[in-house]
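Colleague: Have a look at this one before I ask anything.
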Amino acid sequence: MNTPAPASTALLSALCLVAAGAAPLADQFRDPPNPARPGVYWYFMDGNLDRDEMTRDLDAMKAAGLGHVVWLEVNVDVPRGPVEALSPEWMDLFAHGVQHAQKIGIDVTIGTGPGWTGSGGPWIKPEESMQHLVVSETTVTGPTAFKAKLPVAPQRDHWWKMLNCEFYEDLAVYAVPACKPTIEDAEQKVFYTRPGYMPGHSPAFLPAPATHADTPAEDTIDPSKIIDLTNKLQRDGTLAWQVPAGEWTVLRFGRRSNGTSNRPASFPVVGLDHDKFSKELLEKHFDHYGGKLVKRIGMRDPGATGGLVAMHLDSWEMNAQNWTPGFLDEFRKRRGYDFTPWLPAFSGRVVKDRASSERALWDLRLTIQDLILENYAGHLRTLAHRHGLKFSIEPYEMTQTADLELGALADVPMCEFWSTKYDCSH
């Protein structure tokens with residue numbers, strides 16, 4: 001959930017104007033410039049829109065001294081209203097709200113998608129959604145002739161999984177000498193999950209010591225002994241393999257949707273969040289939502305006060321993504337080596353040695369950060385600017401990037417704070 005949007009840091013601009021002799025300080029506080037006025041989130045609850053009420057809302061905001069609103073189409077446990085999201089009637093009401101806001105000098109910011117988190121909708125197919133590399137395990141003892149169907153790894157559960165998806169696509173099959181998983185915090189180190197920092201959830205960062213204790217040889221995979229069986233996997237999932245002597249673990253790798261939806265969105269526009277590593281899928285989503293809203297309003301006249309001014313990326317409540325088609329190529333391009341020998345680390349197993357595996361997983365997370373900054377948040381900013389809009393971000397808590405790296409992409413970085421014991425009696 002969100003608290004009212006904080007006043008813009010443009011208040012500093014007002015103080016600079018004072019220093020330049022533009023107006024006495026007291027006058028600036030009595031009648032601050034529009035960007036320095038406080039603002040609020042303006043929620044529209046699953047079709048409960050009314051033209052006259054919207055007008056009265058905005059007029060009351062103006063009378064109270066507010067300068068901006070963040071328009072979000074959401075549903076938080078309310079009965080559905082008669083105006084279906086993105087219908088022609090809804091679009092007309094949206095246009096009326098923005099036009100009246102411009103008339104009275106209130107700035108409007110729109111979200112990156114329906115709901116207050118994420119950027120997705122029913123237009124995103126499962127294979128286009130945020131993805132996990134999943135792995136199933138089968139133990140085989142040789143020498144023997146093995147022929148059986150390998151299990152398919154299920155879609156992974158997590159806090160934010162809203163939709164179950166049948167989509168699955170095989171990527172690779174490896175046989176490795178049997179050993180137990182020993183990588184601590186593997187779920188977070190390979191970004192299967194990214195819990196929040198709040199007490200009882202997870203630490204704010206993962207330890208990155210300069211040295212690591214040795215892992216016993218029996219709990220380590222020698223890269224030279226990894227056997228690639230991908231070409232032996234049949235279309236129905238059957239593997240036929242002449243197993244060498246010893247105990248082996250067969251790892252079947254595939255990609256699945258992580259099941260995260262935009263939330264809490266109006267019923268007609270609930271759908272999967274798009275792949276955050278793909279510019280193309282971001283643009284597909286933008287064409288179905290943000291671009292459609294901007295097109296309905298048109299570009300604002302230069303120098304105009306109020307109206308549609310910005311796009312906002314709110315809370316990252318989408319869990320984590322760790323895969324996309326072409327990820328191995330992106331990794332090689334950015335890190336300079338092939339990640340495929342380290343794929344067994346997704347199962348929590350040490351490859352080569354502890355230090356090498358931890359280094360590879362650090363590079364995995366660094367590559368994921370690169371892709372989100374370049375192809376998601378960075379490209380969202382490009383799209384916003386292309387349409388004459390500024391871009392704001394709430395750049396923390398559960399993101400898969402360093403907070404300051406993400407916040408640096410915003411024209412207006414913002415935050416929220418929570419207090420359950422605030423004493424306002426003094």
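The values are calculated or read from the model by the stated rules, or taken from the named source; none is laboratory data. Please read these numbers as outputs of a predicted model, since none were measured by experiment. No Cβ is skipped: glycine too gets one built from the backbone with ideal geometry, and neighbour counts run over all protein chains shown. Surface accessibility is based on the protein's heavy atoms, side chains included, excluding ligands, DNA and RNA. Shrake-Rupley method; radii C 1.70, N 1.55, O 1.52, S 1.80 Å.
A quick yes/no check of all residues on (1) within 20 Å of residue 384 (Cα to Cα); (2) under 26 Å from the mean Cα position of the chain (by Cα):
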residue: 55; (1), (2): no, no
residue: 77; (1), (2): no, yes
residue: 92; (1), (2): no, no
residue: 121; (1), (2): yes, yes
residue: 130; (1), (2): no, yes
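Colleague: Report, by residue number, each residue of region 154-170 that is open to solvent by 30 Å² or more (accessible area, probe 1.4 Å), under 27 Å from residue 234 (Cβ atoms) and part of a loop (DSSP other than H, G, I, E, B).
Modeller: Once the filter is applied, which keeps residues that are open to solvent by 30 Å² or more (accessible area, probe 1.4 Å), under 27 Å from residue 234 (Cβ atoms) and part of a loop (DSSP other than H, G, I, E, B), region 154-170 yields 154, 156, 164, 166, 167, 168.
Colleague: Which is crowded, with 19+ Cβ neighbours inside 10 Å and part of a helix (DSSP H, G or I), of 367, 401?
Modeller: Working: 401 fails: part of a helix (DSSP H, G or I).
Going through 367, 401 in turn, just one is crowded, with 19+ Cβ neighbours inside 10 Å and part of a helix (DSSP H, G or I): 367.
Colleague: Could you tell me which residue of region 249-274 is nearest to residue 178 (Cα to Cα), considering only residues that are out of contact with any Gly (no Cβ under 9 Å at 6 or more places or on another chain) and not charged (D, E, K, R)?
Modeller: Result: 249.
Colleague: Kindly check whether there is at least one residue in region 196-213 that is loosely packed, with under 12 Cβ neighbours inside 10 Å and outside any loop (DSSP other than H, G, I, E, B).
Modeller: no
Colleague: A follow-up question, please. Please go through region 347-359 and pick out each residue that is open to solvent by less than 50 Å² (accessible area, probe 1.4 Å) and over 17 Å from residue 248 (Cα atoms).
Modeller: 354, 356, 357, 358
Colleague: Also, I was wondering about something else. Report the residue count in region 92-110 for those that are open to solvent by less than 20 Å² (accessible area, probe 1.4 Å) and in contact with a Ser or Thr (Cβ under 8 Å, 6 or more places away or on another chain).
Modeller: Qualifying residue count for the region: 2.
Colleague: Same structure, new question: Can you tell me which residue in region 293-309 is modelled with the highest pLDDT, limited to those that are small (Gly, Ala, Ser) and open to solvent by 10 Å² or more (accessible area, probe 1.4 Å)? Step through it out loud before you land on a result.
Modeller: Just the residues of region 293-309 that are small (Gly, Ala, Ser), to begin with: 298, 303-304, 306-307.
Those left that are additionally open to solvent by 10 Å² or more (accessible area, probe 1.4 Å): 298, 303-304.
Values: 298: 88, 303: 76, 304: 80.
Ranking the candidates gives 298 first.
Colleague: Oh, and also: Of all residues in region 384-398 being closer than 11 Å to residue 110 by Cβ and not hydrophobic (A, V, I, L, M, F, W, C), which is most open to solvent (accessible area, probe 1.4 Å)?
Modeller: Within region 384-398, the match that is most open to solvent (accessible area, probe 1.4 Å) is 387.
Colleague: Could you tell me whether any residue of region 173-185 is open to solvent by less than 30 Å² (accessible area, probe 1.4 Å), part of a loop (DSSP other than H, G, I, E, B) and farther than 30 Å from residue 121 by Cα?
Modeller: Yes - at least one qualifying residue is present in region 173-185.
Colleague: Is it true that residue 282 is in contact (Cβ under 8 Å) with a residue 60 or more places away in the chain, open to solvent by less than 40 Å² (accessible area, probe 1.4 Å) and in a strand (DSSP E or B)?
Modeller: no
Colleague: Looking at (1) surrounded by 11 or more Cβ atoms within 10 Å (Cβ to Cβ); (2) at pLDDT 95 or above, which one does residue 52 not meet, given that it meets all the others?
Modeller: Among (1) surrounded by 11 or more Cβ atoms within 10 Å (Cβ to Cβ); (2) at pLDDT 95 or above, the lone unmet condition for residue 52 is (1).
Conditions (1) part of a strand (DSSP E or B); (2) under 17 Å from the mean Cα position of the chain (by Cα), marked per residue:
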residue	(1), (2)
95	no, no
109	yes, no
124	no, yes
136	yes, no
139	yes, no
148	yes, no
152	no, no
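Colleague: I'd like the residue in region 318-342 that is part of a helix (DSSP H, G or I) and open to solvent by less than 10 Å² (accessible area, probe 1.4 Å) and, out of all such residues, is nearest to residue 271 (Cα to Cα).
Modeller: The extreme case among them is 327.
Colleague: Consider residue 85 carefully, then state whether it is under 30 Å from residue 246 (Cβ atoms) and not β-branched (Val, Ile, Thr).
Modeller: No; evaluated as a whole, the condition is false for this residue.
Colleague: Taking region 256-277 as the region of interest, how many residues are open to solvent by 20 Å² or more (accessible area, probe 1.4 Å) and within 25 Å of residue 154 (Cβ to Cβ)?
Modeller: 3
Colleague: In region 71-92, which residue that is in contact with a Gly (Cβ under 7 Å, 6 or more places away or on another chain) and aliphatic (A, V, I, L, M) is farthest from residue 116 (Cα to Cα)?
Modeller: 83
Colleague: Out of all the residues in region 26-48, which are in a loop (DSSP other than H, G, I, E, B), open to solvent by 30 Å² or more (accessible area, probe 1.4 Å) and under 30 Å from residue 117 (Cβ atoms)? Steps first, please.
Modeller: Of all residues in region 26-48, those in a loop (DSSP other than H, G, I, E, B) come to 31-33, 37-38, 46-48.
So of that shortlist, the ones also open to solvent by 30 Å² or more (accessible area, probe 1.4 Å) come out as 31, 33, 37-38, 48.
Of everything in region 26-48, those that are in a loop (DSSP other than H, G, I, E, B), open to solvent by 30 Å² or more (accessible area, probe 1.4 Å) and under 30 Å from residue 117 (Cβ atoms) turn out to be 37, 38, 48.
Colleague: List pairs: first in region 365-382 and under 17 Å from residue 274 (Cα atoms), second hydroxyl-bearing (Ser, Thr, Tyr) and buried (at least 18 other Cβ atoms within 10 Å of the Cβ), Cβ under 7 Å, 6+ apart or cross-chain?
Modeller: Short answer, once both residue conditions are applied: 369/401; 372/401; 373/401; 375/278; 380/112.
Colleague: While we're looking at this one, here's another question. When residue 403 is evaluated against the numbered criteria (1) in contact (Cβ under 8 Å) with a residue 24 or more places away in the chain; (2) farther than 22 Å from residue 336 by Cα; (3) among the acidic types (Asp, Glu), which criterion, by number, is the only one it fails?
Modeller: For residue 403, the exception is condition (1).
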